[in-house]
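Written below as C-alpha cells is the structure these notes are about.
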Amino acid sequence: MSFIEMDHIRKQFGNLEVLKDVTLHVDEGEVVSIIGPSGSGKSTFLRCLCQLETIDGGTITVDGDVMVSQPEGSRRSVYAPPAQVRAICRRMGMCFQHFNLFPHMTVLDNILEAPRIVKGMKTEDIMPTAEELLKKVGLWEKRDEYPSRLSGGQQQRVAIARALAMNPDIMLFDEPTSALDPELTGEVLRTIKQLADEEMTMIIVTHEMAFAKEVADRVIFMADGLIQEEGTPQQVFENPQNERTKSFLKSML
Ligand code: ADP
Ligand code: MG
C-alpha cells in the first residue's frame, strides 16, 4: 500500500467536471511534480487532498487511514468522521502561490500561531522548533519583522517554515514561485529542494520545468481533468509519448 492513495477522484463545480477520474499514489519520501496547462485541475486536485475541497467521487487514504471512500455501487464518496478527517489533514502542510501570511503578525508569530491555536502548545515549547525552522529557511534575523517588509521570496520561505512548524509528514506546494520575480525563485526552490533531500513526501504543482526535472522522482502531466502522462522526469521531459504533453512542453520553452 502506498503512503497516499487517491483513487478515481472526481470533482465538479456545477456542471464543470474539473477532475474526471484521477488516480495518484505517492510513496513515503517520494516527490511528485504535477505539470499541465492552466485550468487543467491541478490546484483542485491538491485542494481535494488537504480537504480545502470535498470530492464527489473516489477514495483517499493516507498511511492506511481512510479519509473518504466510495462504497461499492454508490455514486458518491462518503467522508470518515470529522475528527479522523482533521487528524489526517493535520499531517499535511500546504504552501500556495500567494503566501497568505498573517499580515498583522511578525514572522515569528506567523510560525507560532498554528501550533499555539491548533495544538494548544505553549510558546516556550514551540520556540526551539520555530528557531530551528527560521534558521533553516535563513530568516531567523527577520523574526520580528512584519511580512510586508519582506521580499516575496522571503515571505514564501516564512510560509514554508510556518507549514513545517506543524510537523507535517506531507508537504503540498501549489505553484510556490509563480508570484515571485524571477530572481527570487531560486531561494524558494532551494528550500524545497532541501526538503526533498530530507525525504519529505511532497506533491508540487509547478511551472518551473527545470526544477521539476531536478527535484521530482515522478512527473505527472495533467490536462482536462485527467492524468495524460506520467513517468520519471527523463521519460516525461525527454521522451514524452502523448501529443498533448509534447505541445505543452514546447509551449513552456
Ligand atoms: P489549474 O490549477 O490546473 O490551473 P484549477 O484546479 O485551478 O486548475 O481549475 C480547474 C477548473 O476549475 C478551472 O476551469 C477553474 O475555473 C475551475 N474552478 C476552480 N475552482 C473553482 C471554484 N471554487 N468554483 C468554480 N469553478 C472552479
Ligand atoms: Mg492552479
Quick check: anything in segment 182-205 within 16 Å of ligand 1 (Cβ to nearest atom), not β-branched (Val, Ile, Thr) and not in a helix (DSSP H, G or I)? no
So which pairs qualify, if the first residue must be in segment 1-26 and touching a residue at least 12 places away in the same chain (Cβ under 8 Å), the second must be within 16 Å of ligand 2 (Cβ to nearest atom) and of a type in the set (Lys, Arg), the Cβ gap must be under 6 Å, and the two must be at least 6 apart or on different chains? VAL18/LYS11; LEU19/LYS11
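Just need a number here: residues in segment 140-181 that are of a type in the set (D, E, K, R) and within 16 Å of ligand 1 (Cβ to nearest atom).
Here the count works out to 2.
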By residue number, the members of segment 7-31 that are more than 10 Å from ligand 1 (Cβ to nearest atom) and in contact with an Asp or Glu (Cβ under 7 Å, 6 or more places away or on another chain) are HIS8, ARG10, THR23, HIS25, GLY29, GLU30, VAL31
So if I check each of ILE220, ILE192, which one is within 17 Å of the chain's Cα centre (by Cα), buried (at least 23 other Cβ atoms within 10 Å of the Cβ) and closer than 24 Å to ILE55 by Cβ? ILE220
Can you tell me which residues in segment 178-196 are hydroxyl-bearing (Ser, Thr, Tyr) and in contact with a His (Cβ under 8 Å, 6 or more places away or on another chain)? SER178
Per the filter on segment 154-166, residues buried (at least 22 other Cβ atoms within 10 Å of the Cβ) and over 16 Å from LEU195 (Cβ atoms) are GLN155
Among the residues of segment 185-210, how many are touching a residue at least 60 places away in the same chain (Cβ under 8 Å) and not hydroxyl-bearing (Ser, Thr, Tyr)? 9
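Results for (1) in a strand (DSSP E or B); (2) out of contact with any His (no Cβ under 6 Å at 6 or more places or on another chain); (3) among the small types (Gly, Ala, Ser); (4) more than 16 Å from ligand 2 (Cβ to nearest atom), shown as yes or no for each residue.
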position: GLU5; (1), (2), (3), (4): yes, no, no, yes
position: LYS20; (1), (2), (3), (4): yes, yes, no, yes
position: HIS25; (1), (2), (3), (4): yes, yes, no, yes
position: ARG47; (1), (2), (3), (4): no, yes, no, no
position: GLY58; (1), (2), (3), (4): yes, no, yes, yes
position: MET67; (1), (2), (3), (4): yes, yes, no, yes
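Looking only at segment 210-236, which residues are in a helix (DSSP H, G or I) and either in contact with a strand residue (DSSP E or B) (Cβ under 7 Å, 6 or more places away or on another chain) or under 20 Å from THR23 (Cβ atoms) (or both)?
Answer for segment 210-236, where residues must be in a helix (DSSP H, G or I) and either in contact with a strand residue (DSSP E or B) (Cβ under 7 Å, 6 or more places away or on another chain) or under 20 Å from THR23 (Cβ atoms) (or both): ALA212, VAL215, PRO233, GLN235, VAL236.
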Regarding segment 115-136, can at least one residue be identified that is under 15 Å from the mean Cα position of the chain (by Cα) and either crowded, with 22+ Cβ neighbours inside 10 Å or among the hydroxyl-bearing types (Ser, Thr, Tyr) (or both)? no
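Here, each number is a calculation from the coordinates, and none is a lab measurement. Bear in mind the structure is a predicted one, so any value in this text is a computation, not a measurement. No Cβ is skipped: glycine too gets one built from the backbone with ideal geometry, and neighbour counts run over all protein chains shown.
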